[in-house]
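One structure is given below, represented as structure tokens, and several questions about it will come after.
The values are calculated or read from the model by the stated rules, or taken from the named source; none is laboratory data. All values derive from a computational prediction rather than experimental measurement. For neighbour counting, all protein chains shown are included, and Cβ atoms are generated from backbone atoms with ideal geometry for every residue, glycine included. Accessible surface is based on the protein model in full, side chains and every heavy atom, while ligands, DNA and RNA are left aside. Shrake-Rupley method; radii C 1.70, N 1.55, O 1.52, S 1.80 Å.
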Amino acid sequence: MTVLNFCKKNLVLTIGSIMLCFLLFMTFFGEYLPFIDGELQEIDYLWDENKIPVAPPYEPSAQFPLGTDRDGRDMLSLIVMGAKETLLIILSITLIRYLLAIPLAYFAHRQWLGANALLNGLNGFLSYVPTIIVVILLVTIPPLIMSAFRPYFVVLIIAAMEIGRVADMIKLEFHQISKKEFVTSGNSLGVSPFRLFKKYYLPFIYSKLLISIVGDLGKVMFLLGQLGFLGVFVAQVFVQVDAGVFTFENTSNSWPTFLSNAFKDIRGPVWIVFYPALAMTYVIFTFNMLGHGLQKIFR
Amino acid sequence: MAWDFIKSLLVFLIIIFAFVLLLLLPREMDITHHGGLVFTADFPFTFDLYKEKIAAFVEHFRMEKGFGNNSMGVPILEEVQKLLLRDFTIIVPALLLSMGAGTLLGIVQFYFRDKIIGKVQAFFSWIFSSIPDFFLFIALQYLLIKLFYIGVPKFSLYGNDHWYNFLIPMIAITVFPMVHMVKFTSAALENEMGQDYLRTARSKGLTTLNILKHMIWNCLYSILNQTQFVMLYLLTSLPIMQKLASFQGAGYHLLTSIQEFDEPRALAFMLPYLLMMFATIVLSKLLKYKLLPQKAGALQ
């Protein structure tokens, strides 16, 4: 009964958790479901009722519930198969962001090594120049493009975009905690700065960190979607497509890659962009609900 | 105030400088022909090349005495002017709607917070804040195309040939910042609850509406602080929305010129955006200075 009562009291959190469970189930076990084509088979053409071969993409129908892409691959299967990579990318971006932001915030709070000036500069720049433009300018830097570690760099760059905002938020929390009496007592005991950070500051922001990390997962998904429209993805390889013509081709099934042709698809086979965008909206929704629900619990 | 303005101006100039340095990083592809069908591509990246590019960039401005012409031979400044006017048809209504209507709706939501209307409104503003603008745009397009099939009169969905073409991108782009302002305003007003001056006002017999007026006045400082966020959001989403809608505005050409390594043109399109941000910051500072009683921030 207590569980039921808890669910009733925290309806948003419950719905969010159910949505998350569904998302995780589809991510990890979706490929074994009967209606999912784990091989992502391509179709060259299908016969219509007049015995005329029709090339893909095909509209949503009984055979393809969400239609197919331009290679004749089932959209539903593509989305399910791409979920793992998409979620991994947004999770790693968010975690890296917080792992870097927390020390930066502490350094800025203690005013060490000019961290405060760095933080202010970063925030000042990024509150002027739109994020996506900075990302485009940074991910096209040659040493990054040609590097074998390109995906990691791209993740790092996207993570770095909002480090300033996150660190600023955590810094304010640190400022508030530093006025409490137990910190003063710790200081008078001669506790080392590192121990002060670990035992006096951090435990008090765990709940707030959790809420804001969950909320940020949704924000990262949104940013990745925007970058997808501009053809900036995490996984890309450099290939020669014609004599002397080189281009980037994406090598993954992560959701933002389906948006790269949105410009053309939106005028014809709109389902190719609609359903991946819907899946992203679902993810953003789920994490926003969870964040909202957690906020209510920890308040 | 004057010192504040000079400080903002300095920051603005530093940001332009930093942006140009970032823009000029060498990123062009260098294709070598080795005879026959053998080609290799390389991305040279050395400090000398960087210096060369900066020198060429400065030289370009010296030679052309300005931004010069684009690849079609049209002066870039003329092009920017024309396209920027198109951008304004989206940005100005979007900004006014988000800041004005957003704040008003926030006040309404706060006023009716215990009634069913307020709860329904809070629910919807929460839902809409979770929908990304690009999905909203695609969904709108999908819906309209389906409606055209069943006989709704057709109208142009893409391009910028008709006067109403700005409407769909404008709606898609406005929803998030507007809902953000609704949520922010109502949260800021709720934070005011329990302040002593409210008890005093009530004990003097002021009506609820009159008290609300005092509260809004007190929240205005933090509400105006959000202008920069709203403007940045609009300028971030605008190029993408223009690309999706084939709405040929400055944002669309900013993206293409960056992707085509046309640096002077990219800067020409970026400068108005940075100027808009600067104007937003200075204007909201000015408004705060003129409208609000000094030290009003002490309460926040």
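Counting only residues that are closer than 13 Å to B:Pro177 by Cβ and hydroxyl-bearing (Ser, Thr, Tyr), which one in the range B:219-237 is surrounded by the most Cβ atoms within 10 Å (Cβ to Cβ)?
Only one residue fits best here, namely B:Ser237.
Of the residues that sit in the range B:25-53 and are acidic (Asp, Glu) and more than 26 Å from B:Leu254 (Cβ to Cβ), which one is least open to solvent (accessible area, probe 1.4 Å)? Quick ask: steps written out before the conclusion?
Residues of the range B:25-53 that are acidic (Asp, Glu), as a first pass: B:28, B:30, B:42, B:48, B:52.
Going one step further and asking which of them are more than 26 Å from B:Leu254 (Cβ to Cβ), we end up with B:42, B:48.
Details: B:Asp42: 79, B:Asp48: 104 Å².
Result: B:Asp42.
If you don't mind, another one. Kindly provide the set of residues from the range B:113-165 that are closer than 13 Å to B:Ala245 by Cα, charged (D, E, K, R) and touching a helix residue (DSSP H, G or I) at 6+ places or on another chain (Cβ under 8 Å), ordered by number.
B:Asp133
Here is a follow-up. Give the residues of the range A:40-74 that are open to solvent by 50 Å² or more (accessible area, probe 1.4 Å) and either hydrophobic (A, V, I, L, M, F, W, C) or not in a loop (DSSP other than H, G, I, E, B) (or both), sorted by residue number.
Within the range A:40-74, A:Leu46, A:Trp47, A:Ile52, A:Pro53, A:Val54, A:Ala55, A:Ala62 meet the criteria.
While we're on this one: Regarding B:Phe12, is this residue facing chain A (nearest Cβ under 9 Å), within 30 Å of B:Leu283 (Cβ to Cβ) and not hydroxyl-bearing (Ser, Thr, Tyr)? It would help to see each step written out before you state the result.
Details: facing chain A (nearest Cβ under 9 Å): yes; within 30 Å of B:Leu283 (Cβ to Cβ): yes; not hydroxyl-bearing (Ser, Thr, Tyr): yes.
It is true that B:Phe12 is facing chain A (nearest Cβ under 9 Å), within 30 Å of B:Leu283 (Cβ to Cβ) and not hydroxyl-bearing (Ser, Thr, Tyr).
Can you name every residue in the range B:238-263 that is facing another protein chain (nearest Cβ under 10 Å), open to solvent by 30 Å² or more (accessible area, probe 1.4 Å) and in contact (Cβ under 8 Å) with a residue 12 or more places away in the chain? If you could, list the steps in order and put the result at the bottom.
Step one: of the range B:238-263, the residues facing another protein chain (nearest Cβ under 10 Å) are B:238-241, B:243-246, B:251, B:254-255, B:258-259, B:261.
Of the ones still in play, those that are also open to solvent by 30 Å² or more (accessible area, probe 1.4 Å) are B:243, B:259, B:261.
Of everything in the range B:238-263, those that are facing another protein chain (nearest Cβ under 10 Å), open to solvent by 30 Å² or more (accessible area, probe 1.4 Å) and in contact (Cβ under 8 Å) with a residue 12 or more places away in the chain turn out to be B:Lys243, B:Phe261.
Checking the condition assigned to a helix (DSSP H, G or I) and either aromatic (Phe, Trp, Tyr) or within 14 Å of chain A (Cβ to nearest Cβ) (or both), which residue from B:Ala201, B:Ala187 passes? Please lay out each step first, then the result.
Working: B:Ala201 fails: either aromatic (Phe, Trp, Tyr) or within 14 Å of chain A (Cβ to nearest Cβ) (or both).
Step by step, each of B:Ala201, B:Ala187 is checked, and only B:Ala187 is assigned to a helix (DSSP H, G or I) and either aromatic (Phe, Trp, Tyr) or within 14 Å of chain A (Cβ to nearest Cβ) (or both).
Would you mention how many residues in the range B:169-218 are open to solvent by less than 60 Å² (accessible area, probe 1.4 Å), under 23 Å from the mean Cα position of the chain (by Cα) and of a type outside the set (Gly, Ala, Ser)?
Matching residues across the range B:169-218 total 14.
Looking only at the range A:86-96, which residues are touching a residue at least 24 places away in the same chain (Cβ under 8 Å) and open to solvent by 60 Å² or more (accessible area, probe 1.4 Å)? Break it down stepwise before answering.
Taking the range A:86-96 and keeping what is touching a residue at least 24 places away in the same chain (Cβ under 8 Å), we get A:86-87, A:89-96.
Hits for the range A:86-96 are A:Leu91, A:Leu95.
With the requirement that a residue be free of Cβ contacts under 8 Å to residues at least 24 places away in the same chain, in a helix (DSSP H, G or I) and of a type in the set (Phe, Trp, Tyr), what does the range B:139-184 give you?
B:Tyr142, B:Phe148, B:Tyr149, B:Trp163, B:Tyr164
In the range A:47-70, how many residues are of a type in the set (Asp, Glu) and farther than 19 Å from A:Phe35 by Cβ?
Taking the range A:47-70 first, the residues of a type in the set (Asp, Glu) are A:48-49, A:59, A:69.
Retained after the next criterion (residues that are farther than 19 Å from A:Phe35 by Cβ): A:48-49.
Going through the range A:47-70 one residue at a time, the tally reaches 2.
Count, please, the residues in the range A:133-149 that happen to be assigned to a loop (DSSP other than H, G, I, E, B), under 10 Å from B:Leu25 (Cβ atoms) and more than 7 Å from chain B (Cβ to nearest Cβ).
First pass over the range A:133-149, keeping only residues assigned to a loop (DSSP other than H, G, I, E, B): A:140-141, A:146-149.
Add one more test, that the residue is under 10 Å from B:Leu25 (Cβ atoms), and what stays is A:140-141.
If we keep only those that are more than 7 Å from chain B (Cβ to nearest Cβ) as well, we get none.
Residues in the range A:133-149 being assigned to a loop (DSSP other than H, G, I, E, B), under 10 Å from B:Leu25 (Cβ atoms) and more than 7 Å from chain B (Cβ to nearest Cβ): 0 in total.
Residue-wise test of (1) within 14 Å of chain A (Cβ to nearest Cβ); (2) open to solvent by less than 60 Å² (accessible area, probe 1.4 Å).
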site: B:Lys82; (1), (2): no, no
site: B:Leu85; (1), (2): no, no
site: B:Ile91; (1), (2): yes, yes
site: B:Leu104; (1), (2): no, no
site: B:Lys119; (1), (2): yes, no
site: B:Ser125; (1), (2): yes, yes
site: B:Ile131; (1), (2): yes, yes
site: B:Phe135; (1), (2): yes, yes
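I need the full set of residues from the range B:93-102 which are open to solvent by 30 Å² or more (accessible area, probe 1.4 Å) and not hydrophobic (A, V, I, L, M, F, W, C), in order please.
Hits for the range B:93-102 are B:Pro93, B:Gly100.
Any residue in the range A:75-84 that is open to solvent by 40 Å² or more (accessible area, probe 1.4 Å) and either among the acidic types (Asp, Glu) or under 30 Å from A:Tyr200 (Cα atoms) (or both)? Quick ask: steps written out before the conclusion?
As a first pass, look at the range A:75-84 and keep what is open to solvent by 40 Å² or more (accessible area, probe 1.4 Å): A:81, A:84.
If we keep only those that are either among the acidic types (Asp, Glu) or under 30 Å from A:Tyr200 (Cα atoms) (or both) as well, we get none.
Scanning the range A:75-84 turns up no residue that is open to solvent by 40 Å² or more (accessible area, probe 1.4 Å) and either among the acidic types (Asp, Glu) or under 30 Å from A:Tyr200 (Cα atoms) (or both).
In the range A:257-270, how many are surrounded by fewer than 22 Cβ atoms within 10 Å (Cβ to Cβ) and more than 8 Å from chain B (Cβ to nearest Cβ)?
As a first pass, look at the range A:257-270 and keep what is surrounded by fewer than 22 Cβ atoms within 10 Å (Cβ to Cβ): A:260-261, A:263-265, A:267-270.
Within this subset, residues satisfying the condition of being more than 8 Å from chain B (Cβ to nearest Cβ) are A:260-261, A:264-265, A:268-269.
Qualifying residue count for the region: 6.
Restricting attention to the range A:280-297, which residues are crowded, with 23+ Cβ neighbours inside 10 Å and more than 16 Å from A:Ile211 (Cβ to Cβ)?
Of everything in the range A:280-297, those that are crowded, with 23+ Cβ neighbours inside 10 Å and more than 16 Å from A:Ile211 (Cβ to Cβ) turn out to be A:Met280, A:Val283.
Go through the range B:106-117 and count every residue that is assigned to a helix (DSSP H, G or I), open to solvent by 40 Å² or more (accessible area, probe 1.4 Å) and in contact (Cβ under 8 Å) with a residue 40 or more places away in the chain.
Filtering the range B:106-117 down to residues assigned to a helix (DSSP H, G or I) leaves B:106-111, B:116-117.
This time we only want the ones that are open to solvent by 40 Å² or more (accessible area, probe 1.4 Å), so: B:108, B:111, B:116-117.
Retained after the next criterion (residues that are in contact (Cβ under 8 Å) with a residue 40 or more places away in the chain): B:111.
Matching residues across the range B:106-117 total 1.
Those residues that are at pLDDT 85 or above, away from every other protein chain (no Cβ under 11 Å) and buried (at least 16 other Cβ atoms within 10 Å of the Cβ), I need them from the range B:137-168; list them, please.
Answer for the range B:137-168, where residues must be at pLDDT 85 or above, away from every other protein chain (no Cβ under 11 Å) and buried (at least 16 other Cβ atoms within 10 Å of the Cβ): just B:Ile168.
As an exercise: evaluate B:Leu22 against (1) open to solvent by 40 Å² or more (accessible area, probe 1.4 Å); (2) facing another protein chain (nearest Cβ under 7 Å); (3) in a helix (DSSP H, G or I) and give the number of the one condition it does not meet.
(1)
Please determine whether any residue of the range B:270-292 is modelled with pLDDT under 85, open to solvent by less than 20 Å² (accessible area, probe 1.4 Å) and over 20 Å from the mean Cα position of the chain (by Cα).
yes
Continuing with this model, one more query. I'd like to check something: does the range B:59-72 contain any residue that is aromatic (Phe, Trp, Tyr), open to solvent by less than 70 Å² (accessible area, probe 1.4 Å) and either over 16 Å from B:Leu267 (Cα atoms) or out of contact with any helix residue (DSSP H, G or I) (no Cβ under 7 Å at 6 or more places or on another chain) (or both)? Explain how you work it out, then say what you get.
Kept after step one, since they are aromatic (Phe, Trp, Tyr), are these residues of the range B:59-72: B:61, B:67.
In the following step, the residues that additionally are open to solvent by less than 70 Å² (accessible area, probe 1.4 Å) were identified as B:61, B:67.
With the extra rule that they be either over 16 Å from B:Leu267 (Cα atoms) or out of contact with any helix residue (DSSP H, G or I) (no Cβ under 7 Å at 6 or more places or on another chain) (or both), the set shrinks to B:61.
Looking for residues that are aromatic (Phe, Trp, Tyr), open to solvent by less than 70 Å² (accessible area, probe 1.4 Å) and either over 16 Å from B:Leu267 (Cα atoms) or out of contact with any helix residue (DSSP H, G or I) (no Cβ under 7 Å at 6 or more places or on another chain) (or both), one finds at least one in the range B:59-72, hence yes.
Given the condition free of Cβ contacts under 8 Å to residues at least 24 places away in the same chain and open to solvent by less than 20 Å² (accessible area, probe 1.4 Å), answer yes or no: does some residue in the range A:103-119 qualify?
Yes; the residues of the range A:103-119 include at least one that is free of Cβ contacts under 8 Å to residues at least 24 places away in the same chain and open to solvent by less than 20 Å² (accessible area, probe 1.4 Å).
Also: For the range A:174-190: of the residues being hydrophobic (A, V, I, L, M, F, W, C) and in contact with a helix residue (DSSP H, G or I) (Cβ under 7 Å, 6 or more places away or on another chain), which is farthest from A:Leu104 (Cα to Cα)?
Residues of the range A:174-190 that are hydrophobic (A, V, I, L, M, F, W, C), as a first pass: A:174, A:177, A:182-183, A:189.
Now narrow it down to the ones that are in contact with a helix residue (DSSP H, G or I) (Cβ under 7 Å, 6 or more places away or on another chain): A:174, A:177, A:182-183.
Numbers: A:Phe174: 12, A:Ile177: 16, A:Phe182: 23, A:Val183: 20 Å.
Within the range A:174-190, the match that is farthest from A:Leu104 (Cα to Cα) is A:Phe182.
In addition: Just to confirm my filter: which helices (runs of 4 or more DSSP H) fall fully inside the range A:150-227 and include at least 1 residues that are under 30 Å from B:Tyr233 (Cα atoms) and of a type in the set (D, E, K, R)?
The qualifying helices (runs of 4 or more DSSP H) are A:150-161, A:163-178.
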